[in-house]
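The structure appears right after this line, and notes come after that.
The values are calculated or read from the model by the stated rules, or taken from the named source; none is laboratory data. This structure is a prediction, so every number in the text was calculated from the model and none was measured. Neighbour counts are summed over all protein chains in view; Cβ atoms, including those assigned to glycine, are modelled from backbone coordinates with ideal geometry.
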Amino acid sequence: MRILVLSINYWPDESGIAAFNTRRCEYLAARGHQVTICTGPPYYPEWRVPEAYQAWFWRPEAWQREQHNGVTILRSWMYVPEEVTTWTRMLHEASFLASSLLRAVGNSRPELIIAVSPPLGLALTAAFLSRLWRVPYVFDVEDLQPDAALELGMMSDGALIRMLYRVERLGYERAALVSTLTEGMRHRITEKGIDPAKVVLFPPRADSSLFDVRSRCDTEGFRRRYKLRGKRIVSHSGNMGVKQGLEVILEAAERTRSRHPEIQYLFVGDGAMRARLEERARARELSNVLFLPLLERSEFHRMLAATDIALVTQQRVVSNIVFPSKTVTLLCAGCPVIASVNAESEVARAVLDSGAGEVVEPENGKVLAAAIERLSQSPETLARMSAQAQQYALKLWDEQRTLPRMEEQLLRCVERWRDSRSRGATAI
């Protein structure tokens, strides 16, 4: 089957949607499908295009096809803002929608299109190409973007948000299949009036390389390198953006600084809020907070193995509209988790159902600090949580089950589309 994937994030980015897309595309290619992806240059979560790719766009060979692990990659130019705001992000996404459409139109006709949202606007691209080529498309929803923008206060209720909801509705209605990550997100989509039979789960997949990090990685070397010997490491890794509500970790660090000097907080990664968080940590003189950049894969594994407690934080308003990929990563790596999140969120459900940790009130540094202090003094509890985290990840997200199920759904989608077209032609 010839498959065209439309997504703004892909390899060599390793965070969030990029990691999901890459593994899914490479799996389908390994299964014998002809997979092409229209994407942009790497930029996430730093919101910076690497120097090697900055000049890349202007070279003639940039418009040639790149091959990686069996997947054909067509990259498109896009605007990447230095400061991420609602408006600069909209311009960023609009630039990709325009350039990727041109890239896609120049490609040969596929048998199936997969549009990965965000950005939401790819629903329009997919709908247009579906009509042009008379092929079905799957609308893969990784984040309920209009709901998130409204609930996080990034946009107000007005003409613009109503337009986004119309685009979302069109994406759902014109798609042959709508896929999403969790049951909570699926329920939110069907509540919008979309036929439940049309909305399926493509669960996140467990990275099998993470299951043995605690037994194979040199944690002492990691601790020596960053002067963390004898410390209880409490880490947050991944994107440092608005919806994470990361100020709560600084508040917890301030509360535990004098009572438990052995607790060391790590912020690992990058994002729109990193500079502001570093500035606030300096202003509070939080010597128990250390910021590390995005780590290369083996060093990231060592960090996970050395982590005593991992943190997942979200703003209070976030419920079942997002499911950060780091939740899967942490449980696969056997990291005990304290989730400072809405009790109704998908993250809370995963942490509680797995027994991998605790859920505390979001945006409350006092209760977060108390939970960190309590768990850091109980190695037995942390060991039990670590084991339960991995058992749960293997049961729910093992790629030996999730990826074949995804492929089966895609094949059925194309078969149903062909049958419906055949019946329509017969009727005429």
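Structure values in brief
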{"quantity": "Subset of segment 361-416 [polar (S, T, N, Q) and either surrounded by 17 or more Cβ atoms within 10 Å (Cβ to Cβ) or in contact with a Lys or Arg (Cβ under 7 Å, 6 or more places away or on another chain) (or both)]", "calculated": "Ser376, Ser386, Gln388, Gln390, Thr402"}
{"quantity": "Scope segment 155-189; condition among the β-branched types (Val, Ile, Thr), crowded, with 17+ Cβ neighbours inside 10 Å and assigned to a helix (DSSP H, G or I); matching residues", "calculated": "Val167, Ile189"}
{"quantity": "Evaluation of Ala148 against (1) surrounded by 14 or more Cβ atoms within 10 Å (Cβ to Cβ); (2) in a helix (DSSP H, G or I); (3) free of Cβ contacts under 8 Å to residues at least 24 places away in the same chain; (4) hydrophobic (A, V, I, L, M, F, W, C) (one fails), failing number", "calculated": "(3)"}
{"quantity": "Test: Gly230 is buried (at least 18 other Cβ atoms within 10 Å of the Cβ) and in contact (Cβ under 8 Å) with a residue 12 or more places away in the chain", "calculated": "no"}
{"quantity": "Members of segment 328-344 found to be surrounded by 24 or more Cβ atoms within 10 Å (Cβ to Cβ) and polar (S, T, N, Q), listed by number", "calculated": "Ser340"}
{"quantity": "Single residue of segment 130-148 satisfying the filter (among the hydrophobic types (A, V, I, L, M, F, W, C) and out of contact with any Phe, Trp or Tyr (no Cβ under 7 Å at 6 or more places or on another chain)) that is nearest to Arg166 (Cα to Cα)", "calculated": "Leu144"}
{"quantity": "Residues that are at pLDDT 95 or above, aliphatic (A, V, I, L, M) and outside any helix (DSSP H, G or I), drawn from segment 105-140", "calculated": "Leu112, Ile113, Ile114, Ala115, Val116, Val135, Val138"}
{"quantity": "All positions within segment 226-250 that are outside any strand (DSSP E or B), hydrophobic (A, V, I, L, M, F, W, C) and under 19 Å from Thr329 (Cα atoms)", "calculated": "Met240, Leu246"}
{"quantity": "Among the candidates Arg276, Arg280, Arg223, Arg255, residue that is touching a strand residue (DSSP E or B) at 6+ places or on another chain (Cβ under 9 Å), in a helix (DSSP H, G or I) and surrounded by fewer than 19 Cβ atoms within 10 Å (Cβ to Cβ)", "calculated": "Arg223"}
{"quantity": "Any hit, segment 404-421, residues being modelled with pLDDT under 95, small (Gly, Ala, Ser) and not assigned by TED's automatic domain parsing to the domain that holds Arg186", "calculated": "no"}
{"quantity": "Matching entry among Glu14, Glu82, Glu51 (being without any contact (Cβ under 8 Å) to a residue 12 or more places away in the chain, out of contact with any Asp or Glu (no Cβ under 8 Å at 6 or more places or on another chain) and closer than 30 Å to Thr329 by Cα)", "calculated": "Glu51"}
